[in-house]
Each structure stands twice: as structure tokens, then as C-alpha cells.
Amino acid sequence: MNTQIQEFISGKSIAVVGASRTNDKYKFGNMAALELKRRGYQVYLVHPQAASINGQATYPSLSALKGQVDGVLVSLPAEKGADVLREAAAQGLRNVWVQLGGESPELIKLGEELKLNLVTGKCILMYALPVRSFHMIHRFVARLGGQL
């Protein structure tokens, strides 16, 4: 496992940006927040408009969480991720995971410019321990292919 991933998952508190206020448990941000809690992480939801999601209070921005989180999971389309990366850097949050499918060359370049410990192109649920369900199979296959 590379050091960027190791550094991210070693933190125990994660801000999830991109949970849906529709309370749809099948939206990735919502699902990831619930699963990360099951795995023992302290999870904070960030949503600029919702007061709560799935019964959990939300925060309007990363700045409202100053000093409370070790990392940021971004579960947004690439075109919405740049503002999150900039806010994370401004708050001194260096560990940022852009969920698989939410990355773009521009976003990766911005992460490098901001000197973030940026993880992209990977699903957090394959790495945040303990790995469960079908993610165990994905992880096994990735290990066999030398991608873990």
C-alpha cells in the first residue's frame, strides 16, 4: 500500500464532502459515511445546505470543522472538487481522498500545486480497515495484480 493511502487511513476522523441530502443510502457519499463509521472512524458530514443527513448533523464547510478532522473524503463530480481541495488546503488539511470517478487531470494537478497528500483513482472502502464484504474480494484481486 502506498504511503499516501497509509497516511490517509491512519487518521481516525474524516470529513465526507458529497453526502446527499436526499438521505439515499445508495448514494456513494452516504454509503461511505455509514460504512466508515462502522469501521470505527469519526465521520463528519459537510454539506452547504442540509442541516442533517440520515439523522446526522452536518457542517456547512470544512472551515466549520477546524481542528476536528484528519482527512477529507470528496465524493463529488470532478468539476465540483476544486473548491473542496482549495478549502482543505486553506484549513491545513493535507490528507484528501477524491473518490474513484471524481478525479480529473486538472484536479490532480491542483492537488499537487496545493501540496496535498492526494489519493485518487481508488475506492476508500477497499483500504479503510477493516475491509469488509465484496471489497475484500476487490482488495484480494488488486493485491494479486500488484495494485495494492
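Please tell me if V131 is free of Cβ contacts under 8 Å to residues at least 12 places away in the same chain and in contact with a helix residue (DSSP H, G or I) (Cβ under 7 Å, 6 or more places away or on another chain). The answer is yes for V131.
Residues in the range 103-132 that are assigned to a loop (DSSP other than H, G, I, E, B), more than 11 Å from the chain's Cα centre (by Cα) and not acidic (D, E): S104, L114, K115, L116, Y127, L129, P130, V131, R132. Within the range 75-102, which residues are within 19 Å of Q6 (Cβ to Cβ) and either assigned to a strand (DSSP E or B) or in contact with a Gly (Cβ under 8 Å, 6 or more places away or on another chain) (or both)? If the condition is that a residue be within 19 Å of Q6 (Cβ to Cβ) and either assigned to a strand (DSSP E or B) or in contact with a Gly (Cβ under 8 Å, 6 or more places away or on another chain) (or both), then L93, N95, V96, W97, V98, Q99, L100 are the ones that fit. For the range 68-88, the candidate set comprises residues that are at pLDDT 95 or above and over 15 Å from A19 (Cβ atoms); within that set, the residue that is surrounded by the fewest Cβ atoms within 10 Å (Cβ to Cβ) is D83. Restricted to the range 1-67, the set of strands (runs of 3 or more DSSP E) holding at least 3 residues that are touching a residue at least 24 places away in the same chain (Cβ under 8 Å) and surrounded by 17 or more Cβ atoms within 10 Å (Cβ to Cβ) comprises 13-17, 42-46. Return a yes/no flag: does the range 58-77 have any residue that is in contact with a Lys or Arg (Cβ under 7 Å, 6 or more places away or on another chain) and under 19 Å from K115 (Cβ atoms). Looking for residues that are in contact with a Lys or Arg (Cβ under 7 Å, 6 or more places away or on another chain) and under 19 Å from K115 (Cβ atoms), one finds at least one in the range 58-77, hence yes. Yes or no: V119 at pLDDT 95 or above, within 18 Å of I9 (Cα to Cα) and β-branched (V, I, T)? Here the answer is yes, as V119 does meet what is asked. Taken over the range 95-106, the criterion of being buried (at least 22 other Cβ atoms within 10 Å of the Cβ) and hydrophobic (A, V, I, L, M, F, W, C) is satisfied by V96, W97, V98. Only a single criterion out of (1) on the phi > 0 side of the Ramachandran plot; (2) more than 15 Å from the chain's Cα centre (by Cα); (3) surrounded by 17 or more Cβ atoms within 10 Å (Cβ to Cβ) is not satisfied by G92, namely (3).
The values are calculated or read from the model by the stated rules, or taken from the named source; none is laboratory data. These numbers were taken from a predicted model, which means no experiment stands behind them. Here Cβ is always computed from backbone atoms with ideal geometry, including for glycine, and neighbour counts include all displayed protein chains.
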